[in-house]
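Each remark here refers to the structure printed beneath this line.
The values are calculated or read from the model by the stated rules, or taken from the named source; none is laboratory data. Predicted model only: the values in this text are computed from it and were never measured. Glycine also receives a Cβ, built like all others from the backbone with ideal geometry; neighbour counts cover every protein chain displayed.
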Amino acid sequence: MSKFEWWREVLASKVFVISHRMLSPITRQQILAATLPLYGDTGLFEGAISIAIDAGWLDNLLKRETPLSDGVAAVLDDDGTELVSNAPDISRRLFADNAAVQTSGSLEEATDEAGRSWTFATAPLDRQGLRVAFAKPTDQLFAWTTLHVAVSFVLPVVMVLFTIVAIWLATDRIVLQWLLYLRRVTAVYAQGHYGFRPSRMGDAPSEFRVLGNAIEDMALAVRERDGKLREALAEKTALVREIHHRIKNSLQVVVSLLSLYGSGIPQGPDRRRFEQLRTRVNTLAVVHRILFEANEGSEVRLRELLRELSALLEGSSDRNVMVIVDAEDVTLSTDLAVPLALMLSEIVMALSVSKARGPVRIALHCVQEAELIALRIEIGEPLGDRLAEGNADLAYGFARQMGGSIVTEESLTGARVVVRFPPRQIHRAT
């Protein structure tokens, strides 16, 4: 036995020893000799217990537990000699005479006979100085590295995008669609359709359902209030029209009385004054008749007013007067219609006071200029001083009452009177 190196190691170490791979003289197979020396009480060597382990069996066992497809695994002794391997040809190339085998906790590289690069690591087994080594082809080991790095960058972005989409979908389903629906509902109510009922609000979250019910209640309240206002407005319009109707009837009675009493007055200045008074009262009656016939009873259309007044003034003038009306369809309030009608009557009556007895042509042109209404009166004869402020004070007074002015322009063949006033009466401080 003394000729075997492993036996000499047993005698020298005095502990359990595993030998290198060697050829069994009996089985002629590769074996590992595991020997435990025995010592007596006196410390003298008395013998040894030894077992031969079939190295091929260990190789097959390692191949079964760790296939070559998973990598190369080997068990090494303390000096780096291979004991067991699942791929002896490769492991001897990778691990034999490699000082890096003795280094634990780090990755090392080596190449096989084909020149293929392998990455391996070793770790101690903490018994008998044994170490385990495991190697894997470098291209396989790091094949997924690029993907892993890319995933490590892309995955947070994907998660952020997914979170944004999820928040958007949740917000759209829970909040936005009901806000848009409420906006459509309020738009319907804004158009005056207060009878509309938001039937979809029953599927909305409780907060929006409460809000929808509040909006519906508000619309119903507005509908009731609107109905009451319409009734009050209709009643007010009816009362205003009735007032205009009664004023018109009263003025017509006054005109009839004036005509009755004026018929006994002889021709002359007194009779002319009486007729002018009747014309003024008749002018008021015409205005109130137009207001009574209007839908709202508080506004008149300027074109209609001028046409009615032209017919009245043509028939009540002392001369043969022809009045032509060309006016825009401007709306005037009662506060402007009455003074405008009286002012126009005063101008036409002033024109009738003339020594000339021939017919006279009067053209009324009315347009709206920016913030003013311009009434141009084209007269077919010179004015003279008939429309001077001392001779037609009432006409100028009515113009001032409307917040406007009267400007006269003379020519050899005729004259022009321009009256400008705002479409709404200006209340001047007194």
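For Gln368, the criteria (1) in contact (Cβ under 8 Å) with a residue 40 or more places away in the chain; (2) surrounded by fewer than 16 Cβ atoms within 10 Å (Cβ to Cβ); (3) outside any strand (DSSP E or B) hold in every case but one, which is (3). If only residues of region 374-425 that are in a strand (DSSP E or B) and hydroxyl-bearing (Ser, Thr, Tyr) are counted, the one that is farthest from Leu364 (Cα to Cα) is Ser405.
Please find, within region 317-341, the residue that is surrounded by the most Cβ atoms within 10 Å (Cβ to Cβ) out of those that are part of a loop (DSSP other than H, G, I, E, B) and either free of Cβ contacts under 8 Å to residues at least 40 places away in the same chain or not aliphatic (A, V, I, L, M) (or both). Break it down into steps so the answer makes sense when it comes.
First, pick out the residues of region 317-341 that are part of a loop (DSSP other than H, G, I, E, B): 317-320, 328-330.
Subset that is either free of Cβ contacts under 8 Å to residues at least 40 places away in the same chain or not aliphatic (A, V, I, L, M) (or both): 317-320, 328-329.
Working: Ser317: 18, Asp318: 14, Arg319: 15, Asn320: 12, Glu328: 12, Asp329: 10.
So the residue we want is Ser317.
Does at least one position in region 116-135 carry a residue that is without any contact (Cβ under 8 Å) to a residue 40 or more places away in the chain, among the aliphatic types (A, V, I, L, M) and within 30 Å of Val84 (Cβ to Cβ)? Yes, region 116-135 contains a residue that is without any contact (Cβ under 8 Å) to a residue 40 or more places away in the chain, among the aliphatic types (A, V, I, L, M) and within 30 Å of Val84 (Cβ to Cβ). Just checking, does region 162-174 include any residue being part of a loop (DSSP other than H, G, I, E, B) and either surrounded by 10 or more Cβ atoms within 10 Å (Cβ to Cβ) or at negative phi (or both)? There is no residue in region 162-174 that is part of a loop (DSSP other than H, G, I, E, B) and either surrounded by 10 or more Cβ atoms within 10 Å (Cβ to Cβ) or at negative phi (or both). Taken over region 244-278, the residue count meeting the criterion of being surrounded by 11 or more Cβ atoms within 10 Å (Cβ to Cβ) and free of Cβ contacts under 8 Å to residues at least 24 places away in the same chain is 16.
The set of residues in region 97-119 being modelled with pLDDT of 70 or more, part of a loop (DSSP other than H, G, I, E, B), at negative phi and of a type outside the set (Ser, Thr, Tyr) consists of Leu107, Asp112, Glu113, Ala114, Arg116. Output yes when any residue across region 199-217 is assigned to a loop (DSSP other than H, G, I, E, B), out of contact with any Lys or Arg (no Cβ under 8 Å at 6 or more places or on another chain) and modelled with pLDDT of 80 or more, and no when none is. Among the residues of region 199-217, at least one is assigned to a loop (DSSP other than H, G, I, E, B), out of contact with any Lys or Arg (no Cβ under 8 Å at 6 or more places or on another chain) and modelled with pLDDT of 80 or more, which makes the answer yes.
The residue list Ser333, Ser310, Ser317, Ser345 contains one member that is at pLDDT below 80, within 27 Å of Val418 (Cβ to Cβ), out of contact with any Pro (no Cβ under 7 Å at 6 or more places or on another chain) and among the small types (Gly, Ala, Ser), which is Ser317.
Does region 259-269 include one or more residues that are at pLDDT 75 or above and over 25 Å from Thr331 (Cβ atoms)?
Yes.
If you go through region 45-69 and pick out every residue that is part of a loop (DSSP other than H, G, I, E, B) and either surrounded by 12 or more Cβ atoms within 10 Å (Cβ to Cβ) or at pLDDT 80 or above (or both), you end up with 2.
Taken as a whole, the structure places Ser91 among residues that are touching a strand residue (DSSP E or B) at 6+ places or on another chain (Cβ under 6 Å), among the hydroxyl-bearing types (Ser, Thr, Tyr), surrounded by 19 or more Cβ atoms within 10 Å (Cβ to Cβ) and modelled with pLDDT under 80.
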